[in-house]
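Notes for the one structure printed next.
The values are calculated or read from the model by the stated rules, or taken from the named source; none is laboratory data. None of the values given here were measured: they were computed from a predicted structure. With ideal geometry, Cβ positions are generated from the backbone for all residues, glycine too; neighbour counts draw on all protein chains shown.
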Amino acid sequence: MDTIFALASGQGRSGVAVVRISGSLAFEVAQKLGGHVPDSHRFALRTLRDLDGAILDQALVLPFRSPKSFTGEDVVELHLHGSIAVANAVQSCLLNLDGVRVAEAGEFTRRALENGKLDLTQIEGLADLIDAETEVQRVQAQRVLTGKLTQKVEDWRAALIRAAALIEATIDFADEDVPTDVMPEVDQLLRSVEKDLKTEIAGSAIAERVRSGFEVAIVGAPNVGKSTLLNALANRQAAITSKYAGTTRDVIEVRMDLKGLPVTLLDTAGIRESDDEVEQVGVERAIQRAEDADLRIFLVEDGSDVPIPARPGDVVRKPKADLREVSDFAISGLTGQGLSELIDEVRETLSQRAAKSSLAIRERHRLAMEKALQHVFKAREQLDNVATTEDMLAEDLRHVVRGLEVLIGRVDVENLLDEIFSSFCIGK
């Protein structure tokens, strides 16, 4: 494979710029630029020179011998001064060397997959870690990157292989007396895997929400202060406010970090009957988005009902607390009264839900587990069917194992790789 290089740190001026080189020529390339390369996993300060001997920069050189590197290949990192010109000059010099080329998007990580350093779920965890905007997203991505989902899959796979081995034994020794009835142990192993799969699938919807962000809709009648509340929560003028009812016609979205939780706030049109065709479209959209949201904040005047049915966890507040003599359960986006209590309540509700999330953070994970679970159900049905042959049962177990191998990327993943790695930057 070609030796590849790329700027692994962020584009633009910075304190330090890191150029990563990976491949069989990595140490040879580093030697051409900076002379003697230090021993693996040690570092040294070197003066880098171009092919004509002109000084490029003084750099910290960090070598990693195969297979003890991120990609599993020989890797050298050049830690340069973070000047755009310095980084460009070093990369231009590398381009003039034979057998060396610029890495494609995600190519370092792809080589890590191909060399067995990471599996597919860990790579997806790495992609999510790079994109993480909040603390909860970071923690969730780290759990997957460090292999916790992989370990679960390996445990399930080991149990299934044990069950399959027991079944195969009855096939191989069909003409002989098998010392014990293996079916009770097979049934116990399948029940254990079934229980775990159900738990992970149940928590996958919340895990996907943590990854993409919870949606919180602000809902109420026209002119109750929804847009003012949105602006207060976002700490900026995200929505137009007016004393005239019906100002908001479409759903306004604001993404924010709510004390570590990724949240998209939705300011919806005031819900009421209207002869205005455009406003009515806005009301219909408001109702739909509010029904699809994870949580709703209802602003409701005294004596009025919530405009759509409330669900457990929804928050109900009286609007415009600054204009009330009694401000219990009231809030004001204008003065901030009751704002911190509202934020705490919303965060507590969403945090409790996030705590139930599973390690299956993507739809692909959930679908693979659901397919595996279907085959577990089928295998258990076969156990209770007196007409079932051991061959039929063993085949169902093989389908379950294959489904789990698809999940971690051991088989049938080529069609996924281009899509996954396209989300990575060039230096990763």
Verdict on Val144 being surrounded by 21 or more Cβ atoms within 10 Å (Cβ to Cβ) and either closer than 30 Å to Arg380 by Cα or of a type in the set (A, V, I, L, M, F, W, C) (or both): yes
Flag for Ala321 being closer than 30 Å to Val401 by Cα and small (Gly, Ala, Ser): no
Subset of region 321-349 (residues that are farther than 18 Å from Phe214 by Cβ and either part of a helix (DSSP H, G or I) or among the small types (Gly, Ala, Ser) (or both)): Ala321, Asp322, Leu323, Ser327, Ala330, Ser332, Gly333, Gly336, Gly338, Leu339, Ser340, Glu341
Contacts under 7 angstrom Cβ, first residue in region 155-171 being assigned by TED's automatic domain parsing to the domain that holds Glu200 and within 9 Å of Val401 (Cα to Cα), partner modelled with pLDDT of 85 or more and charged (D, E, K, R), 6 or more apart: Trp156/Asp196
Filtered residue count, region 99-113, keeping only those that are at pLDDT below 90 and more than 13 Å from Phe424 (Cβ to Cβ): 0
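Being under 16 Å from His79 (Cβ atoms) and either aromatic (Phe, Trp, Tyr) or assigned to a loop (DSSP other than H, G, I, E, B) (or both) is the filter here; which residues of region 12-33 pass it? Talk me through it step by step, then tell me what you get.
First pass over region 12-33, keeping only residues under 16 Å from His79 (Cβ atoms): 13-22, 26, 29-30, 33.
Result: Arg13, Ser14, Gly15.
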Lone qualifier among Ser66, Ser14 - being farther than 18 Å from Glu114 by Cβ and surrounded by 15 or more Cβ atoms within 10 Å (Cβ to Cβ): Ser14
Qualifying residue in region 265-279 (condition: under 26 Å from Thr349 (Cβ atoms), without any contact (Cβ under 8 Å) to a residue 12 or more places away in the chain and surrounded by fewer than 17 Cβ atoms within 10 Å (Cβ to Cβ)): no
Test: Glu185 is under 33 Å from the mean Cα position of the chain (by Cα), modelled with pLDDT of 85 or more and of a type in the set (Asp, Glu): no
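Among residues belonging to region 82-97 that are polar (S, T, N, Q) and in a helix (DSSP H, G or I), point out the one that is farthest from Val29 (Cα to Cα). Step through it out loud before you land on a result.
Here is the first cut: in region 82-97, the ones polar (S, T, N, Q) are 83, 88, 91-92, 96.
Within this subset, residues satisfying the condition of being in a helix (DSSP H, G or I) are 88, 91-92.
Values: Asn88: 16, Gln91: 12, Ser92: 13 Å.
Applying the filter and picking the extreme gives Asn88.
If a residue has to be surrounded by 13 or more Cβ atoms within 10 Å (Cβ to Cβ) and either more than 33 Å from the chain's Cα centre (by Cα) or closer than 17 Å to Gly225 by Cβ (or both) to count, how many in region 296-315 make the cut? Explain how you work it out, then say what you get.
Going residue by residue through region 296-315, those that are surrounded by 13 or more Cβ atoms within 10 Å (Cβ to Cβ) are 296-300, 304, 306-308, 310, 313-315.
Still in the list and also either more than 33 Å from the chain's Cα centre (by Cα) or closer than 17 Å to Gly225 by Cβ (or both): 296-300, 304, 306-307, 315.
So the count comes out to 9.
Scan region 386-428 for residues that are β-branched (Val, Ile, Thr) and modelled with pLDDT of 80 or more and report the count.
Initially, region 386-428 is screened for residues β-branched (Val, Ile, Thr), giving 386, 388-389, 400-401, 406, 408, 411, 413, 420, 426.
Keeping just the survivors that are modelled with pLDDT of 80 or more gives 400-401, 406, 408.
Counting residues in region 386-428 that are β-branched (Val, Ile, Thr) and modelled with pLDDT of 80 or more gives 4.
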All positions within region 129-157 that are in a helix (DSSP H, G or I) and closer than 24 Å to Glu348 by Cβ: Glu135, Val136, Gln137, Arg138, Val139, Gln140, Ala141, Gln142, Arg143
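Condition check: crowded, with 16+ Cβ neighbours inside 10 Å, farther than 30 Å from Ala127 by Cα and of a type in the set (Gly, Ala, Ser). Does Ala372 satisfy that? Steps first, answer last, please.
Values: crowded, with 16+ Cβ neighbours inside 10 Å: yes; farther than 30 Å from Ala127 by Cα: no; of a type in the set (Gly, Ala, Ser): yes.
Judged against the criteria, Ala372 is not a match.
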Which listed residue is modelled with pLDDT of 90 or more and outside any helix (DSSP H, G or I), from Glu200, Glu215, Glu194, Glu176: Glu215
